[in-house]
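K.L.:
Following this message is one structure expressed as structure tokens.
The values are calculated or read from the model by the stated rules, or taken from the named source; none is laboratory data. A quick note: this is a predicted structure, and the numbers were derived from the prediction, not measured. Here Cβ is always computed from backbone atoms with ideal geometry, including for glycine, and neighbour counts include all displayed protein chains. Ligands, DNA and RNA are excluded from the accessible area calculation, which covers all protein heavy atoms including side chains. Shrake-Rupley method; radii C 1.70, N 1.55, O 1.52, S 1.80 Å.
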Amino acid sequence: MLSPVLKPQSSFAFRLAVFYAALFVALGVQVPFLPLWLAAKGLDAGAIGVVLSLPMIVRVFAIPLATRGADRHNAMHTVIVIASALAVLGYGALGLAQGVVAITLAYALASTFFTPLIPLADAYALRGLSHIGRAYGPVRLWGSAAFIVGTFAAGLLLDVIATRDLIWIMVATLAMTTAAAFPLSPLTLRDVGPAKGLPFARDLLRDPALLAAAAAAGLIQASHAIYYGFSALDWTTAGFDGGAIGALWALGVVAEIALFAISGRLSIAPTTLLMLGGAAAVIRWGAMAFDPPAALLPPLQCLHAFSFGATHLGAVAVVARRAPAELAATAQGYFAVALGLVMAAALSVSGVLYAHWGSFAYGAMALVAAAGALFAVLAHRLARGT
């Protein structure tokens, strides 16, 4: 088997938390507010949906190349640094792009470098933290906390700067991510047994429980497509200002952080977490489809702890349990690709759904989540051998 060598162990979790924080500050600006920037650049709802689906398409080839290369050359830290730096250049090119075609091409380029970062970070974290006896959730929560900071800060900035300037905030946060990647401890794997080789990578695709879990996580996460792509626009139309929108997004992530904080003390099977995530998503999007009053939005946002948080924890735990250590990044990459394919399909039609149905499009997302919950039940049964 392979065991990671960490130098020094005492600072590993701290440096990893800082990197997660920087990475998710960037996401906190990008995820809720990139659609507003695209709208300010003149793209309609249909075009926005197509552009937002690009990262999910690009990751199909970008993530396997990055993660398999990181495993094959035992260079996970190096690949993280390179991908972070190139993402800065990609988003800089996006900021200078004009017109739908140029924006689409620039965003595809930026996504090629950015999309591998999360599966690489998760594989890096799960390998290193398990070696020093630390749980994943309590370290990963700093990324979620930073997401709140990025979202809330961008919401406030939106009230004082032009929407078209938001892209440069994204570029600046990605530069912070690159700076935070350099101090990470390289995970040098000391070979203490026979190498397993490439056949394990193929075997990952023959594991029925892993495939069912991938389908479950992909569908449940994809049910967030309308929320990710159009909640800011929907709430802006309803009269919410940038600060209120940022606060609503932040509330959902606060709930997610609470789950991550206690996850190390929970003895819940990964597939059970997937089932909880699917059930919460069905309730959340079913309620959002009926344009709930403002008073109901905070409790609905708290369901993000399960619709996203429990689903994410369950997904990474399934991969960590069923993949060999020397293919940790590859397995996380395959899983990310599976999630990306389903999310790409959801995002590509989300613009059409929202343009025709408005908030009632959340009803379609509730159906997608229900399908994901059924696959989670299947994964649970397969994992238990029943």
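K.L.:
In this structure, is S307 polar (S, T, N, Q) and open to solvent by 20 Å² or more (accessible area, probe 1.4 Å)? Walk me through it before giving the result.
P.N.:
Details: polar (S, T, N, Q): yes; open to solvent by 20 Å² or more (accessible area, probe 1.4 Å): no.
Considered against the rule, which asks whether it is polar (S, T, N, Q) and open to solvent by 20 Å² or more (accessible area, probe 1.4 Å), S307 comes out as no.
K.L.:
Could you list, in sequence order, all residues of region 355-369 that are surrounded by 21 or more Cβ atoms within 10 Å (Cβ to Cβ) and at pLDDT below 90?
P.N.:
Filtering region 355-369 down to residues surrounded by 21 or more Cβ atoms within 10 Å (Cβ to Cβ) leaves 361-362, 365, 368-369.
The answer is none; no residue qualifies.
K.L.:
Kindly provide the set of residues from region 263-291 that are in a loop (DSSP other than H, G, I, E, B) and over 19 Å from A369 (Cα atoms), ordered by number.
P.N.:
Within region 263-291, G264, R265, L266, S267, I268, A269 meet the criteria.
K.L.:
If you take the residues of region 215-240 that are open to solvent by 10 Å² or more (accessible area, probe 1.4 Å) and touching a residue at least 60 places away in the same chain (Cβ under 8 Å), which of them is nearest to the chain's Cα centre (by Cα)?
P.N.:
For region 215-240, the residue satisfying everything is Q221.
K.L.:
All but one of (1) buried (at least 19 other Cβ atoms within 10 Å of the Cβ); (2) in contact (Cβ under 8 Å) with a residue 60 or more places away in the chain hold for L341; which doesn't?
P.N.:
(1)
K.L.:
Being touching a residue at least 40 places away in the same chain (Cβ under 8 Å) and aromatic (F, W, Y) is the filter here; which residues of region 30-63 pass it?
P.N.:
F33, W37
K.L.:
Using beta carbons and a limit of 6 Å, which pairs, at least six apart or on different chains, have the first residue in region 369-386 and touching a residue at least 40 places away in the same chain (Cβ under 8 Å) and closer than 18 Å to R321 by Cα and the second one of a type in the set (S, T, N, Q) and surrounded by 15 or more Cβ atoms within 10 Å (Cβ to Cβ)?
P.N.:
Note: pairs meeting the criteria are A379/T271; H380/T271; A383/T271.
K.L.:
Could I ask something else about it? Considering only region 175-249, give the helices (runs of 4 or more DSSP H) lying wholly within it that have at least 1 residues that are over 30 Å from L378 (Cα atoms) and at pLDDT below 90.
P.N.:
225-237
K.L.:
Within region 65-78, is there a residue that is part of a helix (DSSP H, G or I) and more than 17 Å from P186 (Cβ to Cβ)?
P.N.:
yes
K.L.:
Which numbered condition trips up S267, out of (1) open to solvent by less than 20 Å² (accessible area, probe 1.4 Å); (2) at pLDDT below 95?
P.N.:
(1)
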